[in-house]
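Here is the structure we will look at, set down as C-alpha cells.
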Amino acid sequence: MRHTTRTAVMLCAALGLTAAVGSASAVPTASPPTARAAAVRQATAPVLVDCLWHAKVRPGDFILACGDGNSRLVSLHWDSWGSKSARATGVNVVNDCDPYCAAGAFHPYAVVVKLDRPQPWKKHPQVQHWSRMTLTYLGDRPEQFGRVVTYPLWN
C-alpha cells in the first residue's frame, strides 16, 4: 500500500510539472509581425454599430429594425472590409406584417450589402463607424421596397 501511494503521488507530481512546463512553453514570447500588422489594420477599419451600441466588425447578422426586429440581415459573408467601404452578400429577412406585424410572416430576400461613409462615432470619437448602408436586392424583394435601398446608420 505504501509503495502504491508513493507511486501515485510521484505520478501526479510528474504530470503537474509536465502540464506547467508544457503550458509555459506554449505561450509565445511576442506576436509575429504579420499578426501585429493585421491587428492594427483591423483596429483602424470602421466598425458597424448595432442596436445595443456595440461595435461590430464583419458581423454574421445585423438587425435593421431595432425597435421591433421586423427586418434583419442574416448569413452575411464579407467580401471586403476596408477603410472606405465594406461589402457582403447575405439575406434580408423581412416581416410582411400581414395582417399586422405580430401575426406576420418573415420572408428571406438575397441581398448585397454595402457599407460606406465612415465617420467618427459619437460614443468613441477616435473610432470610425459606417454611417450608410445600401442593400441591393438580387431577385425578389419586399413589395414596398425598391431594388436598391439606402439607410443612414445610427451614431
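From the list Thr89, Thr34, Thr7, which residue is over 29 Å from Trp130 (Cα atoms), hydroxyl-bearing (Ser, Thr, Tyr) and either surrounded by 10 or more Cβ atoms within 10 Å (Cβ to Cβ) or modelled with pLDDT under 90 (or both)?
Thr7
So is Asp79 at pLDDT 95 or above, of a type in the set (Asp, Glu), surrounded by fewer than 17 Cβ atoms within 10 Å (Cβ to Cβ) and over 16 Å from Phe62 (Cβ atoms) or not?
no
Would the range 79-92 turn up any residue that is in a strand (DSSP E or B), in contact with a Phe, Trp or Tyr (Cβ under 9 Å, 6 or more places away or on another chain) and basic (Lys, Arg)?
yes
How many of the residues in the range 109-155 are surrounded by 14 or more Cβ atoms within 10 Å (Cβ to Cβ), assigned to a loop (DSSP other than H, G, I, E, B) and basic (Lys, Arg)?
Residues meeting the conditions: 1.
Does Pro118 satisfy the criteria of being out of contact with any helix residue (DSSP H, G or I) (no Cβ under 9 Å at 6 or more places or on another chain) and free of Cβ contacts under 8 Å to residues at least 24 places away in the same chain?
no
Restricting the search to the range 100-134, which residues are within 22 Å of Leu52 (Cα to Cα) and among the small types (Gly, Ala, Ser)?
Matches in the range 100-134: Ser131 only.
The values are calculated or read from the model by the stated rules, or taken from the named source; none is laboratory data. These numbers come from a predicted model, not from an experiment. Counting neighbours? That spans all protein chains shown, and the Cβs are built from the backbone with ideal geometry, glycine included.
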